[in-house]
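Right, one structure below, let's go through it.
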Amino acid sequence: MKLQQLRYIWEVAHHGLNVSATAQSLYTSQPGISKQVRLLEDELGLEIFARSGKHLTHITPVGHTIIEQAGQILRKVESIKQAAHEFRDEKTGSLSIATTHTQARYALPNVISSFIGRYPEVSLHMHQGSPLQIAELAANGEVDFAIATEGLELFGDLVMLPCYNWNRSIIVPKGHVLADKPMLTLKDIAEYPIVTYVFGFTGRSKLDEAFQNEGLQPKVVFTATDADVIKTYVRLGLGIGIIADMAYDVAQDPDLVALSASHLFSPSTTMIGCRRGTFLRGFMYDFMELFAPHLTRELIDQAFEAQTRQDVDLLFEDIVLPVL
């Protein structure tokens, strides 16, 4: 059994069983991959992939187990490489992050600016997507960090650490009748068409939950993953907007009014995390602490050593998270 063979079956599985696409991504030949996969199957005495003629059709039940274990081995190999790199040069390398538009646009710019100033030789890569996409990228080792608020049940394979709490604002054009209301109610909001986040993005579940608890059926007429797009359609008169507090800027949005909705919706918590067993380089610890100052190296190590999600939660029960 060779490490190369394990990489091939892992990559084939994650390229939709397309051996040609796998060969292109690995800069090798299609026959070479097929041969190595067959040699591994012959050695193991079983099929990892079912076939119809020369084409792979699906992964066998035992194949799923083998590919999962191959992924674990490849991640360990990568950790060994990272450990060696850390001792050779702790200020060079790369860092990849998967997150949503709201985090990328409003929460991360100052953090990334500070990080690049501190580590100019570390290349930084950002991937934006849905919570499901973010979780998959991190679980598959395609990114180092996942930063998300929604869909945390998708991140079971990752160690997720709480960073900060945030809530929402109702945004309306200047002169809107709601702008003169001293204290908004959910009933007030439900009387107007609503423009807000796509379900599964940026705390949307807390919003839906609040209306359901009051027996109200809000009229959501338009959804988007991008707060800037939501603000654009509020300006067009499509409805009132519900966005994260951090997404409203007095200087950039002078034609809009933001009305606090923190008394209407439960706060949401943004988390950062990565796969358990990941070798964390020095600059990775620093990035997490820049993003959430309470995430010290000692606390991060304790969280990664914890056995369960509940054990991680206990580490943070006495920490007051900042509000963004």
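The values are calculated or read from the model by the stated rules, or taken from the named source; none is laboratory data. Because the structure is a prediction, the values reported are computed rather than measured. A quick note on method: Cβ atoms are made from the backbone with ideal geometry, for glycine too, and the neighbour counts reach across all protein chains shown. Just the protein is used for accessible areas: all its heavy atoms, side chains included, with ligands, DNA and RNA removed. Shrake-Rupley method; radii C 1.70, N 1.55, O 1.52, S 1.80 Å.
For the chain, a crude dipole built from +1 on the beta carbon of Lys and Arg and -1 on the beta carbon of Asp and Glu, taken about the Cα centre, is about 840 debye to the nearest 20.
Our estimate of slack between GLN133 and GLN217, defined as 0.36 nm per intervening residue step minus the Cα-Cα distance, is 27.3 nm.
Here the accessible area is traced with a 1.4 Å probe on the protein chains. For the range 205-324, carbon and sulfur cover 50 percent of it.
Of the peptides 170-180, 102-112, the order by per-residue mean of other Cβ atoms within 10 Å, starting with the highest, comes out as 102-112, 170-180. Once you have a ≥ b ≥ c as the square roots of the Cα gyration tensor eigenvalues for the range 97-139, tell me rounded if a/c is under 1.5, and otherwise prolate or oblate according to whether a/b is larger than b/c. Judged from the Cα gyration tensor, the range 97-139 comes out oblate (a/c at least 1.5, b/c at or above a/b). With a Förster radius of 45 Å applied to the C-beta separation of LEU236 and ASP42, the computed FRET efficiency comes to 0.10. Of all DSSP beta bridges confined to the chain, the antiparallel ones make up roughly 60%. Estimated from helices alone, the mean residue ellipticity of the chain at 222 nm is -12500 deg cm²/dmol (sum of -39500 (n - 2.57) over DSSP H runs with n ≥ 4, per residue). One way to sum up the overall shape of the range 115-193 is the equivalent ellipsoid from its Cα gyration tensor, whose semi-axes run 37, 18, 12 Å, largest first. Projected onto planes of every orientation and averaged, the convex hull of the alpha-carbon atoms in the range 6-126 covers 10.1 nm². Entry note: the chain has Rg to Rh equal to 1.05, where both radii use alpha-carbon atoms and Rh is the Kirkwood radius. Close amide-amide hydrogen proximity is noted between LEU259 and ILE170, ILE171, VAL172, each under 5 Å apart and 5 or more residues distant or on a separate chain (H modeled in the peptide plane; Pro and chain starts excluded). Taking all protein chains together and a 1.4 Å probe, the residues HIS55, HIS101, HIS15 rank HIS55, HIS15, HIS101 from largest to smallest accessible area.
Taking only protein heavy atoms and a 1.4 Å probe, the accessible area of the range 1-56 is 50% carbon and sulfur.
Cβ-Cβ distance of SER29 and ARG276, R₀ of 51 Å, FRET efficiency by 1/(1 + (r/R0)^6): the value works out to about 0.90. Ordering 214-227, 258-271 by mean Cβ neighbour count within 10 Å, with the highest value first, yields 258-271, 214-227.
The gain in end-to-end length when the LEU74 to VAL229 segment is fully stretched comes to 51.8 nm, 0.36 nm per residue minus the alpha carbon separation. FRET efficiency for the VAL62 to ILE319 pair, using the beta carbon distance and R₀ = 56 Å, is estimated at 0.80.
Determine the distance separating the Cα centre of the range 94-160 from the Cα centre of the range 1-22; give it in Å without decimals. First find each Cα centre; the distance between them is then 25 Å.
A 1.4 Å probe run over the chain, with the rest of the protein chains in place, finds 50 Å² accessible per residue.
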